[in-house]
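Scroll down for the structure; my scribbles are underneath it.
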Amino acid sequence: LARYQRPSSSGGASMLLASFGMTLPAFLLIGYGALLAASNNSTAKGLNSSPIDTIAALLPGWFPLPLIAATALSLLSGVILSIYSGGFALGALGVKITRSWATVIVGLLVFAVAIALGFTVSNVVVVFRDLATTLAVPVAAWAGIFSAEMILRRRRFDTGSLLARGGIYRDVNWLNVSMLVVASVVGLGFTSASVPGLGWEGYLFTAVGVPLESPLGSTDVGVLVSLALGLLTPLVAGISTIRRQELRQASRA
C-alpha cells in the first residue's frame, strides 16, 4: 500500500498515522467492552464465555444484518490483501511467475488451508487465536525495528544499494537481526497458547511466578513487549549507523 502514497509525504507521519488508524478503533472497542463488562457481572461472565451471543442479546433485533455485512466485508478485504501480499512474496522468493498467476496460486493455498482446518480442527477460534498471537510476536518485533528506522532516517533508502551488494548498506544488519530473535524469544515467553505444539509458550511467566491461568498470564502481553524491544533497538543502538549510511549516501549524490 505504500506505493500509493504521495512521494512528497512524510515517512514518519505516514507510519504514525497508519499505526494510529489501525490501533485506535481497536482500543476504543476494547475500552468500551471493559466498561460494558464492569457495568454488570452477568454481562462480564457472558463476554468471557460467549462474547458474540452476549453482545447479540444486548442489541436490537435488526442489528445482526449490518453486523454480518460489516464482518463479511472486513474478512473479504483481509483475504484480498493477504492474497495480494502473498503474490508479492512469491515474486520476492524468486519464483518466475506473473503476478496474476501468483495471486491464483496463493488464493488456492489459502482455500486449501481453510478447508483443511474446517475438517480437522474442532475449535477453529482457539487455533486462529493462538496461531495469530504466536505469529504476531516476531511480526511486532520486526514492525518495531522497521518503524523506528523509518522514523529516524532523514533520507530515503538508496535503491541501487538495496538491489546490489557493495553499496551503502551491509549485506546483513546483525544488530537488527539479533534483536529480532531476542525480542521474539522474550515476547513468546510472555504469551500463552493452548493449541498442541505451542504449550511451551509463556515460559517467562512461569519463571517470574505468574500462573498462565491468571488474568495477567492470559493477556499475551508478549506482543507489546516484542514491539517495544523492536522500537528501542534502532533508537538506542542504531542511530550512529543510520547517520553514517546517510553521510555516505549524500557523498554519492
Worksheet item: Is at least one residue of the stretch 94-106 under 28 Å from LEU29 (Cβ atoms) and among the aromatic types (Phe, Trp, Tyr)?
Response: no
Worksheet item: So which helices (runs of 4 or more DSSP H) stay within the stretch 136-208 end to end and still have 2 or more residues that are β-branched (Val, Ile, Thr) and at negative phi?
Response: 174-189
Fill in: Leading residue by the ranking (least open to solvent (accessible area, probe 1.4 Å)) among those in the stretch 198-230 that are of a type in the set (Phe, Trp, Tyr) and touching a residue at least 12 places away in the same chain (Cβ under 8 Å)
PHE205
Worksheet item: From the list THR120, THR133, which residue is hydroxyl-bearing (Ser, Thr, Tyr), modelled with pLDDT of 90 or more and under 27 Å from GLU201 (Cβ atoms)?
Response: THR133
Worksheet entry | Given (1) surrounded by 10 or more Cβ atoms within 10 Å (Cβ to Cβ); (2) modelled with pLDDT of 85 or more; (3) within 30 Å of PHE157 (Cα to Cα), number of the condition LEU81 does not satisfy | (2)
Worksheet item: How do the pairs read when you match residues in the stretch 168-183 that are among the aliphatic types (A, V, I, L, M) with residues anywhere that are not in a helix (DSSP H, G or I), using Cβ under 6 Å and keeping only pairs 6 or more apart or on different chains?
Response: ILE168/ASP158
Fill in: Residue that is modelled with pLDDT under 90, open to solvent by 60 Å² or more (accessible area, probe 1.4 Å) and not polar (S, T, N, Q), where the choices are VAL139, VAL104
VAL104
Fill in: Filter result for GLY167 (over 30 Å from ASN48 (Cα atoms), modelled with pLDDT under 95, surrounded by fewer than 13 Cβ atoms within 10 Å (Cβ to Cβ) and of a type in the set (Gly, Ala, Ser))
no
Fill in: Residues located in the stretch 238-250, provided they are at pLDDT 90 or above and open to solvent by 50 Å² or more (accessible area, probe 1.4 Å)
ILE239, SER240, ARG243, ARG244, LEU247
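The values are calculated or read from the model by the stated rules, or taken from the named source; none is laboratory data. Keep in mind it's a predicted model, so treat the numbers as computed, not measured. Here the Cβ is made from the backbone with ideal geometry for all residues, glycine too, and neighbour counts use every protein chain on show. To get the accessible areas, we keep the full protein, side chains included, count just its heavy atoms, and leave off ligands, DNA and RNA. Shrake-Rupley method; radii C 1.70, N 1.55, O 1.52, S 1.80 Å.
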